[in-house]
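Single-structure report; data block below.
Only the coordinates and a few stated rules stand behind these numbers; no lab work does. Everything numeric here is computed off the predicted structure, so don't read it as measured data. Positions of Cβ are backbone-derived with ideal geometry, glycine not excepted, and every protein chain shown enters the neighbour counts.
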Amino acid sequence: MKKTLLSMAKGTIVLTIAGMAARVLGFFFKQYLTMQIGAEGMGLIQLTMPLLALVQAVYSGGLATTVASMVASNLGTARPTTARALAVGAGSGILVAAAVWAGAPFLAACMGDGRLTESISILAMSIPVIGMSAAVKGYYMGLQRMRYPALAQVVEQVTRIGISYALVASLWDGAQLAQAAMLCTLGTALGEMAGWLAVFLPYLWGSRQCAPALAVTTSATASAATTSSPTPAQANGGLTRHLLLRCLPSSAGKLAASLLTVIETAIVPVALVRSGMTGAQGLSTLGLVEGIAMPLIMLPGMVCTSLSSVAVPAISATSGDKQERQIRVGICLQIALVMGFVMAGIFRGYADLVAYVTYPNSNVGHIIYGLAPCCIFAYPMFTLAGTMQALRLQKRQLLNTLLGYVLRIGMYWFLAGRFGLRGYVMSLIISYGVICLLDIFRVTAYTDLRMGILSWSWLPGLCYVGLVVTSKGLSAIICTIAQGSRLMILAMVALVGMVAFLVASGRLWCQLFRGGTEVGDSGE
């Protein structure tokens, strides 16, 4: 138990630190953009993000995780698998990029704003790069070398912010919001290229150095394979076919989910207009929620996203050991539940302080307060994405996700259309809850974990209640001590969150120091 937890923690921490650094840099840049172009300009930029997220999700959720799983389960084919994945990523990326470039006006019209045509055309340039980058990131994830994917995140974000800042500061005329969106999109595309180089150059440089070590592993694997049945790749006539057969279901699921995200983003302003807002107000609300408040709410979830990436090779490597698989799945779920409840309590109880520290010039405190319960469901969802990929449950994950998105879009039309912002927030919480519960049920049933959800969540749930109940008094104390210092307020709120996390994860601490192997009420 202790060795497993520490091994998974190492990779998670590396990816989390890099992800947090990238997100923090992004927050400061969003503050600058918000002051420069306003909420409507942020909303315009936000309309292009689902398209980029669609491409990234398809490749990272499909190609990268498939490569990681295949590499982890058979190190001897690590390089050949990655080479074929690079070809798949580049070839499919070029085809998709050409289609997006040609259909940019149509896509902009579908998103509800023709001003996005140039931005979409620019985004198309980065699609082949995203595909190839996913292949190499999957290679490093499968080898448990998380530092290279982590480095790529930081390089990508620094390049994107630096170039976007320089372009907006020097070329934007101060009036055309479409021009500002186009310049930021160009920075994003160049950032993707920089991130690709950050993983591809080490891959090329280390190809000869890795060969002897992989040869030893290959010989050991081959000697074991002589007395066993052929691998799926060998039986089906090659790695490329095996790669595609495993990759396509996940990629198709991510594609469908991302397409629904595009529809979701486009329908929100329309639904808000039905509630009585003007078109500009609806777009501004979208910018505040999706461009400012929601990224802030999901920022600590980077831990769960990183854990999801670590879970793919970690769980894939235990295919023949049911007990070890149960242990690793249980660890992932418990950490995600603790993070979800604790951060929901922080955002619910300290919403105004968090808003003051991060976006003092934006009225998002009440939005953060309303969105806080999303953490309880969204954070486990992030971790379960990798867990279900490793368990080969992509089809069920796709079904659950599609159901949640369809439910959310329908609720947007009716709830947001009637109650405005409150209905918008309510729709997000309910849909996240439905997807999370369906995913948890399927994973625990498949792994024979009689998880006893109450035994795993009662202590984090109590911490959530404690954070909310004590927040008023502690907020007054924090404000008195900090005297308006945003850095001091951030440090003290973070301290409260760390204490709550340590208490909420008491069950894991007991298991760790006990040296036991149980992760819950599991059994054969």
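This model, with +1 at the C-beta of Lys and Arg and -1 at the C-beta of Asp and Glu, gives the range 333-457 a dipole about its Cα centre of some 320 debye.
Take 308-317, 458-467, 51-60 and order them by the average number of nearby Cβ atoms within 10 Å per residue, most first; the result is 308-317, 51-60, 458-467.
So which of K10/K395; K10/K137; K137/K254 end up more than 21 Å apart by C-alpha? With Cα atoms farther than 21 Å apart: K10/K395. Annotation for R422 and L403: the two label points, set 7 Å from Cα along the Cα-Cβ direction, are 2.9 nm apart.
Give me the percent of Cα-Cα pairs in the range 161-203 that sit more than 13 Å apart, rounded to a whole number. Could the numbers behind the result be given before it?
Numbers: 489 of 903 pairs.
Counting pairs separated by more than 13 Å, the tail of P(r) holds 54 percent.
With R₀ set to 30 Å, the beta-carbon distance separating D321 from T470 gives a calculated FRET efficiency near 0.10. Under conditions of 20 °C and 1.002 mPa s, the range 274-341 yields 145 µm² s⁻¹ as its translational diffusion coefficient, taking Rh as the Kirkwood radius over Cα pairs in the Stokes-Einstein equation.
Considering all different alpha carbon pairs of the range 290-400, the Kirkwood hydrodynamic radius works out to 14.9 Å. For the range 339-470, the pair-distance distribution built from all alpha carbon pairs, in bins 10 Å wide starting at 0, is 12, 34, 34, 17, 2 percent.
Calculated FRET efficiency, C110 and I477, Cβ-Cβ r, R0 51 Å, to nearest 0.05?
On the way: r = 50 Å, r/R0 = 0.99.
For C110 and I477, the calculated efficiency is 0.50.
Rounded to the nearest 20 debye, the dipole magnitude of the range 257-386 is 160 debye, with +1 charges on Lys and Arg beta carbons, -1 on Asp and Glu beta carbons, and the Cα centre as origin. Between W509 and A99, the distance separating the two model label sites (each 7 Å from Cα on the Cα→Cβ line) works out to 5.2 nm. Under conditions of 10 °C and 1.306 mPa s, the range 362-406 yields 130 µm² s⁻¹ as its translational diffusion coefficient, taking Rh as the Kirkwood radius over Cα pairs in the Stokes-Einstein equation.
Work out, step by step, the length gained on full extension between M488 and H366: first 0.36 nm times the residue separation, then minus their alpha carbon distance; give nm to one decimal.
Details: separation 122, 0.36 × 122 = 43.92 nm, distance 2.19 nm.
This chain segment gains 41.7 nm when fully extended.
Karplus-derived 3J(HN,Hα) values for the range 485-498, using 6.51 cos²θ - 1.76 cosθ + 1.60 with θ = phi - 60°, are 6, 5, 5, 5, 4, 4, 5, 6, 5, 4, 5, 4, x, 5 Hz; glycine and proline are entered as x.
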